[in-house]
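The values are calculated or read from the model by the stated rules, or taken from the named source; none is laboratory data. Everything numeric here is computed off the predicted structure, so don't read it as measured data. Methodologically, a virtual Cβ is constructed for each residue, glycine included, from the backbone with ideal geometry; neighbour enumeration extends over all protein chains shown. Areas reflect the complete protein model, heavy atoms only, side chains present, ligands, DNA and RNA absent. Shrake-Rupley method; radii C 1.70, N 1.55, O 1.52, S 1.80 Å.
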Amino acid sequence: MVDTTPDVPISPVDAASFQLGVHVQPYLVTIAGLLAPGGFVDRDGRPDLVRLHRTLAAHIAQEPLLRQRPIMRNGSWWWTENDIDFDLHLSLDERGPTEPDFESVCGRLVMQPLDTTRPLWHIAFVPAARPGLCGIVIRVHHAVLDGARASDLFERLFASPDSKSTDPGAPVPNIPPKAAGSLDLLRFRIGTFLHRPIRSRVLLGAIGPTRSISSVNVRTSLIEHAAQQAGGTLNDAYLVAVGGGLRFILQECGEPIPKSIAVSVPVAVTAIGSARNAVGFMIIDLPLRETDPQRTVAIVAKQTAAAKPSARAAGTTFRSPRIAGVFDKLAKRQHMIGAVVSNVHGPRGPLTLDGAALVELWPLGPLAGNVRVGFTAASYNDTFWIGIQADAEHLPPASKIARAVERTLDEIAGTAH
């Protein structure tokens with residue numbers, strides 16, 4: 001039977017993703033995790049993909065986003081319906097001889113582009129990624145969805161066949177704070193470009209071809225409570241912890257520690273039309289010399305509270321492939337931000353895939369431009385997970401950066417009473 005599903009035009013906002021990360025890294029939304037034995041995962045942490053095919057087939061049938069591939073027609077991008085060959089979209093990825101751990105496999109996978117002749121997603125399973133646990137790495141191109149929608153998709157894919165999932169076409173709920181006035185918006189746009197130039201030759205520069213990956217976790221309620229006592233949020237505490245990681249990189253590489261360093265923080269905004277990506281950004285200066293954790297959280301909290309309404313009012317940053325292409329070229333020479341620090345909402349509860357419980361979950365954002373380190377976080381099951389991705393050729397191992405972030409989180413948590 002011939003498929004008569006009509007092609008769908010790709011929003012210029014989503015098509016912009018095809019122009020980002022060019023020659024640096026595939027522009028993918030990546031979620032890594034570990035599955036406990038049960039269902040399709042045996043006690044040694046090895047998966048039965050034949051069994052999983054049957055489970056996922058029912059879910060994929062309900063996911064139009066995962067059945068479409070991009071095509072260019074008369075200068076415009078379109079989504080066209082495509083049959084799913086599970087043998088091409090699901091794979092068993094054994095650790096190679098030079099890959100000592102799950103993180104090294106993740107470092108390899110985030111650099112593998114997706115085949116544009118098929119729907120733009122892939123799920124890899126890593127047998128015995130940890131003793132008795134199976135690794136899972138889900139990669140979806142940014143043109144298909146943004147980080148917020150990725151978490152919702154993740155929940156639907158892990159849902160039991162008889163559960164009621166949310167509408168895959170529904171927009172991500174977004175209740176913006178008080179709208180910014182026109183003067184505030186003007187100040188925000190001008191202020192974005194007035195930050196002190198970053199002089200670091202370690203944090204910024206040409207990005208190598210390999211990635212170092214690590215993760216950090218802390219109990220969500222603990223760090224959230226400590227942040228609230230300082231007048232901030234969980235995200236503010238997270239930003240301060242990232243500052244600890246950046247300070248470590250500079251110290252480890254023998255560079256001077258500036259008073260502060262600016263980072264780009266993506267912000268969820270109202271979608272434009274049918275766009276699947278709805279992301280703006282704000283620039284936040286992270287204090288690097290402040291020694292009091294509570295005071296540092298308060299300094300960051302003051303900035304985010306002021307910047308977020310304006311960032312949301314400014315709306316989506318990349319509104320067309322042309323704008324994204326210009327930005328991508330300029331980003332390779334910029335000295336305005338030292339890192340990209342994302343925080344996406346995680347699943348609303350514990351997840352199980354065909355009987356195998358998901359016991360760890362950490363997102364990984366791609367590197368782009370000339371920024372050599374990125375931090376991406378999500379809450380899951382009362383644990384706040386931070387995925388760290390670094391340019392392995394120019395920066396210290398991500399595991400060392402992770403320990404510095406963890407030390408800062410511990411310092412913040414230690415202020416709770």
Only listed residue being at pLDDT 95 or above, in contact with a Phe, Trp or Tyr (Cβ under 9 Å, 6 or more places away or on another chain) and not in a strand (DSSP E or B), chosen from Ala143, Ala129: Ala143
Among the residues of segment 387-417, count how many are at pLDDT below 95 and part of a strand (DSSP E or B). 0
I'd like the full set of residues that are β-branched (Val, Ile, Thr) and within 16 Å of Phe384 (Cα to Cα), limited to segment 221-252. Ile223, Thr233, Val240, Val242
Just checking, does segment 147-158 include any residue being open to solvent by 20 Å² or more (accessible area, probe 1.4 Å) and part of a loop (DSSP other than H, G, I, E, B)? no
Could you list, in sequence order, the residues of segment 343-353 that are in a loop (DSSP other than H, G, I, E, B) and open to solvent by less than 50 Å² (accessible area, probe 1.4 Å)? Gly346, Pro347, Gly349, Leu351
Scanning segment 366-388 for residues that are under 13 Å from Ile337 (Cα atoms) and without any contact (Cβ under 8 Å) to a residue 40 or more places away in the chain gives Gly374
Taking segment 1-42 and keeping residues open to solvent by less than 20 Å² (accessible area, probe 1.4 Å), assigned to a helix (DSSP H, G or I) and not charged (D, E, K, R) leaves Val13, Ala15, Ala16, Ser17
From Ala262, Ala275, residue being open to solvent by less than 40 Å² (accessible area, probe 1.4 Å), aliphatic (A, V, I, L, M) and under 22 Å from Ala150 (Cα atoms): Ala275
Does Val267 fit the bill of being closer than 30 Å to Pro12 by Cα and either free of Cβ contacts under 8 Å to residues at least 60 places away in the same chain or assigned to a helix (DSSP H, G or I) (or both)? yes
Are any residues in segment 278-310 in a helix (DSSP H, G or I) and charged (D, E, K, R), and if so, which ones? Arg295, Lys302, Lys308
Would you pick out the residues in segment 32-60 that are closer than 18 Å to Arg149 by Cβ and at pLDDT below 95? His59, Ile60
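Would you mind finding the one in Gly96, Gly45, Gly107, Gly135 that is open to solvent by less than 60 Å² (accessible area, probe 1.4 Å), of a type in the set (Gly, Ala, Ser) and assigned to a strand (DSSP E or B)? Full working, then the answer.
Details: Gly96 fails: assigned to a strand (DSSP E or B); Gly45 fails: assigned to a strand (DSSP E or B); Gly107 fails: assigned to a strand (DSSP E or B).
Of the residues listed, the single one that is open to solvent by less than 60 Å² (accessible area, probe 1.4 Å), of a type in the set (Gly, Ala, Ser) and assigned to a strand (DSSP E or B) is Gly135.
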Any pair with Cβ under 8 angstrom, 6 or more apart, that starts in segment 139-160 at a residue that is under 15 Å from Leu353 (Cβ atoms) and ends at one that is surrounded by fewer than 22 Cβ atoms within 10 Å (Cβ to Cβ) and among the polar types (S, T, N, Q): Glu155/Ser165; Glu155/Thr166; Arg156/Gln62; Arg156/Ser165; Arg156/Thr166; Phe158/Thr352; Ala159/Ser165; Ser160/Thr352
Selection count where residues are aliphatic (A, V, I, L, M) and closer than 27 Å to Leu65 by Cβ, scope segment 223-282: 9
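Could you say which residue among Arg289, Arg333, Arg319 is under 21 Å from the mean Cα position of the chain (by Cα) and of a type in the set (Lys, Arg)?
Arg319
Taking segment 311-342 as the search range and keeping residues that are among the basic types (Lys, Arg) and assigned to a helix (DSSP H, G or I), which one is surrounded by the most Cβ atoms within 10 Å (Cβ to Cβ)?
Ranking the candidates gives Arg312 first.
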Taking segment 110-123 on its own, how many of its residues are more than 19 Å from Ile388 (Cα to Cα) and either open to solvent by less than 40 Å² (accessible area, probe 1.4 Å) or of a type in the set (A, V, I, L, M, F, W, C) (or both)? 6
Enumeration of residues in segment 354-386 that are among the acidic types (Asp, Glu), closer than 20 Å to Ile223 by Cα and part of a loop (DSSP other than H, G, I, E, B): Asp382
